[in-house]
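What follows is a single structure, written as structure tokens, with notes after it.
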Amino acid sequence: MGAHLVATPSATPLADEAQRFDRALDRIAPSTLRFDRSLYSAEAIAVVTAQWRFRMAFEHRSSMVFSQLAQQLYEANASLDAKIVMLRMASDELRHTGTCAAVIEALAPEPHR
């Protein structure tokens, strides 16, 4: 886990597939509202951005925990529904990672390298 977390899409067909999967799971339409940084101080933006970066890393780590639990369900010969739910939970954590990345991008847009 020492590597830099990359939460931006890869600009490949795989990214398109991931986005289709993600949109299929949406329960509400994505918002068209945009964050107005000018309403807040630079200090407040920095504090909140740091909090969202921490949360993003936490969500990413949580996806590994659920993936490992799924592996244990396979080894225990658990029911198919239990395996599906556990893998879905891992997927949800990755979706949350992406949501955090989008919030960070809105708070502190940086040029992509």
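Data for the structure
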{"item": "Complete set of residues in segment 1-19 that are loosely packed, with under 10 Cβ neighbours inside 10 Å and not in a loop (DSSP other than H, G, I, E, B)", "result": "13"}
{"item": "Residue in segment 23-33 that is hydrophobic (A, V, I, L, M, F, W, C), assigned to a helix (DSSP H, G or I) and surrounded by 10 or more Cβ atoms within 10 Å (Cβ to Cβ) present", "result": "yes"}
{"item": "Sole exception among (1) open to solvent by 80 Å² or more (accessible area, probe 1.4 Å); (2) hydroxyl-bearing (Ser, Thr, Tyr); (3) assigned to a helix (DSSP H, G or I) for residue 67, by number", "result": "(1)"}
{"item": "Boolean, residue 58 is open to solvent by 30 Å² or more (accessible area, probe 1.4 Å), within 19 Å of residue 25 (Cα to Cα) and modelled with pLDDT of 95 or more", "result": "no"}
{"item": "Subset of segment 73-113 that is loosely packed, with under 12 Cβ neighbours inside 10 Å and under 19 Å from the mean Cα position of the chain (by Cα) - its residue that is nearest to residue 34 (Cα to Cα)", "result": "109"}
{"item": "The lone exception for residue 43 - which of (1) touching a helix residue (DSSP H, G or I) at 6+ places or on another chain (Cβ under 9 Å); (2) of a type in the set (D, E, K, R); (3) exposed (fewer than 15 other Cβ atoms within 10 Å of the Cβ); (4) farther than 20 Å from residue 101 by Cβ it fails", "result": "(1)"}
{"item": "Positions within segment 70-92 being assigned to a helix (DSSP H, G or I) and more than 27 Å from residue 23 (Cβ to Cβ), in sequence order", "result": "71, 72, 73, 74, 75"}
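The values are calculated or read from the model by the stated rules, or taken from the named source; none is laboratory data. Worth saying up front: this structure is predicted, and the values here are computed from it rather than measured. Note: ideal-geometry Cβ built from the backbone for every residue, glycine included; neighbour counts use all protein chains shown. Calculation scope for accessible area: heavy atoms of the full protein, side chains included, ligands and nucleic acids excluded. Shrake-Rupley method; radii C 1.70, N 1.55, O 1.52, S 1.80 Å.
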